[in-house]
Amino acid sequence: MCGWVLCVPRGAKVATETDLTTADDRVTAERPVIARLLEEVETALRGKPEAVRLALTALLGRGHLLLEDVPGVGKTTLASALARAVGGQFSRIQFTSDLLPSDIVGVSVFDPNDRRFEFRPGPLFANVVLADEINRTTPKTQSALLEAMSERRVSIDGTTRQVPEPFFVVATQNPVEHHGTFPLPDSQMDRFLMRISIGYPSAEDEREILAGDRHHLPAEGVREVTNPGGLAALQQLVDRVRTVTPILDYAVAIAQATRRLAGVAIGVSPRGSLALMRAARSSALLAGRDYVVPDDVKAMAVPVLAHRLVMEGAEDGADREAAEVAIREVIDTVPVPR
């Protein structure tokens, strides 16, 4: 009997030495593109290279990103800059309590000339979608968005429609103001590959921001580095990044340790383990490697796993802080493979 992370389906193609060499060559060839993506997005979000790197990691890993931070630190700028850098269509949806599912997925409108219904897509049909203040809309509307995030399609009037590819959702929520909000259930939080914060800029960076062009929006200066087809190729390349057995065992040990940790009501699920490895492979690609090292797993643990924990007795902001502390404790205690 083999472990679930190590089983190879019957008839599946196993990577040969030639395949791995080809993957290494492709990673080498794409390094300049990846470096330019990082550079361009960082021009819009000054002084936040780690936030940019994590956002690109989620994008290349075919995941979605939850930005939990106070207003005015650059959440919209980051999403818009990502869309410009990858040449994708960008849309912003302001979530409010009266927003309906049809407002984001679209509606079918009757055309009296052709005497038939014509579908008019909503703002969800874009490559990069900013779901601003996602916790301010009702669970019904949240579910419409989360269906598209997990299934890459939406059901409208009995018809299933695919969203564009690549498809990347950046959702935001304010961790401080909770009046009139509808918190995302734990099962829906699990749909996000990562949860991160941008944070305030340093005094030096904020001074440079103030000294900049007053009439220029930072994201407008971001140049296109690739196109949606090129981004899709990079995402496929992530799947070919190598993960050896000790790395898989390390990820499993981290997930299992969260299930035994004091103060944790519900630990990381197998879906969380899969997300951790996908983010680790994406992190390796951003670093210019075609293989995962333990540092990739460690670096992704907090942003990928913390929002998947359910803590005992914690509420609101304290829940996030306690979960992140718990993941760091696990990282400090689980032996690192050599």
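The values are calculated or read from the model by the stated rules, or taken from the named source; none is laboratory data. Quick caveat: nothing in here was measured; it's all calculated off a predicted structure. Note that we place each Cβ from the backbone using ideal geometry, even for glycine, and neighbour counts take in every protein chain shown.
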Could you tell me how many of the residues in segment 191-216 are closer than 18 Å to A55 by Cβ and not in a helix (DSSP H, G or I)? 11
Is at least one residue of segment 39-56 within 15 Å of the chain's Cα centre (by Cα), at pLDDT 90 or above, crowded, with 23+ Cβ neighbours inside 10 Å and assigned to a loop (DSSP other than H, G, I, E, B)? no
Could you run through segment 77-101 and say how many residues are farther than 20 Å from V33 by Cβ, surrounded by fewer than 19 Cβ atoms within 10 Å (Cβ to Cβ) and in contact with an Asp or Glu (Cβ under 7 Å, 6 or more places away or on another chain)? 2
Given segment 248-338, what helices (runs of 4 or more DSSP H) lie entirely inside it while holding 1 or more residues that are over 23 Å from S197 (Cβ atoms) and among the β-branched types (V, I, T)? 316-333
Please go through segment 34-74 and pick out each residue that is free of Cβ contacts under 8 Å to residues at least 60 places away in the same chain and closer than 18 Å to N135 by Cα. G72
Looking at R278, R308, R320, can you tell me which residue is touching a Gly at 6+ places or on another chain (Cβ under 6 Å), crowded, with 18+ Cβ neighbours inside 10 Å and over 16 Å from V241 (Cβ atoms)? R308
Does Q235 count as under 30 Å from T141 (Cα atoms), part of a helix (DSSP H, G or I) and either at pLDDT below 90 or charged (D, E, K, R) (or both)? no
